[in-house]
Amino acid sequence: MKFTDRTVQTLRLKTARYEVFEAGRPGFGLRVAPSGRKTWVWLYRYHGKARRVTLGVYPQTSLAEAHAKQAEAQRKGEVIAAEWNEISGEVWTIPAENAKNKLAHRVPLSRQALAMLAELQTLAGDSRWLFPSMKTDAHVLPTSVDHALRMNQPVFGIAPFTPHDLRRTAASHMTALGISRLVVQKILNHKESGITAVYDRHSYDQEKRKALDTWGQNLEAIINDVSAGKVVRFKANV
């Protein structure tokens, strides 16, 4: 079923709770309760175990907003599920089962990223995970990221934002630095379509490394300016 506001609104109530899933969006669906309550859900598997994320209640959370939350949850999943054995030298390889488009993805690590990983490894101890849970042997949950952002908003001193906002901001700044949209898409692991994508087997590792090194240096300069009390102005559309 292809979801639209009309199809969602006209879903029939049943005596027992049931779920219906949208065609073309694996795991994305709607749980319909006998009371009429409709809740957006995303089901996925990690290491063979079924996991579920609640994305909001309809209509307070619209279809478009639920789609965006699913995409955001997928991207967060790549990070929170990262294991130390995925990092080799200056490259992080996201395995296909964790990648949002189910394609293995190589991410060159900048000097700034490597420094953060060194600090993170001290905090993670002997855990296999970069972000281990404090309660179980697994990694933290996607909701933990949202909770951490909410708890630290006063520290940031800026308007509230989501993990997806960080991704969008990085992409916008990289293109503003003269990095091509194609390379930015490769960094974000966007799946291309069309005949060109079929025949283009170039890894783009060198281009991605240059882009991420440039972004790391730019971000470091921004942070240093803020620490020095300078005002950093961003473009209105970023």
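Read the figures in this text as sums done on the coordinates, not as results from a lab. Since the structure is predicted, the reported quantities are computational estimates derived from the model, not experimental observations. Every residue, glycine among them, receives a Cβ derived from its backbone with ideal geometry; neighbour counts consider all protein chains shown.
Note the angle between two axes, namely the Cα long axis of helix 205-227 and the longest principal axis of the Cα atoms of the chain, as a number of degrees from 0 to 90, rounded to the nearest 10.
80 degrees
In sequence order, what are the phi-derived ³J(HN,Hα) couplings for segment 79-92 according to the Karplus relation 6.51 cos²θ - 1.76 cosθ + 1.60 with θ = phi - 60°, rounded to whole Hz, with x for glycine and proline?
Taking θ as phi minus 60°, the curve returns 7, 5, 8, 5, 10, 4, 6, 7, 9, 10, x, 10, 9, 9 Hz for segment 79-92.
Relative to the longest principal axis of the C-alpha atoms of the chain, give the angle of the C-alpha long axis of helix 142-151, reported between 0 and 90° and rounded to the nearest 10°.
Here the helix axis deviates by roughly 70 degrees.
In whole Hz, with x marking every Gly and Pro, tabulate ³J(HN,Hα) for segment 174-186 from phi via Karplus 6.51 cos²θ - 1.76 cosθ + 1.60, θ = phi - 60°.
Each residue's phi maps through the Karplus curve to give 5, 5, 5, 7, x, 7, 5, 4, 4, 5, 4, 4, 5 Hz.
Would you mind ranking MET151, MET134, MET1 so that the residue whose beta carbon has the fewest other beta carbons within 10 Å leads the list? Intermediate results must be reported in sequence, preceding the final value.
Values: MET151 9, MET134 6, MET1 13.
So the ranking, lowest neighbour count to highest, is MET134, MET151, MET1.
What number, rounded to the nearest 500 deg cm²/dmol, is the helix-based mean residue ellipticity at 222 nm of the chain, given -39500 (n - 2.57) per DSSP H run of at least four residues and division by all its residues? Don't jump to the answer; show the numbers that get you there.
Numbers: 9 runs with 101 residues, N = 238.
Calculated at 222 nm, the ellipticity per residue is -13000 deg cm²/dmol.
What is the order of ARG45, ARG209, ARG51, fewest Cβ neighbours within 10 Å to most? List each step's numbers first, then the result.
Details: ARG45 10, ARG209 18, ARG51 15.
Starting with the residue having the fewest Cβ neighbours, the order is ARG45, ARG51, ARG209.
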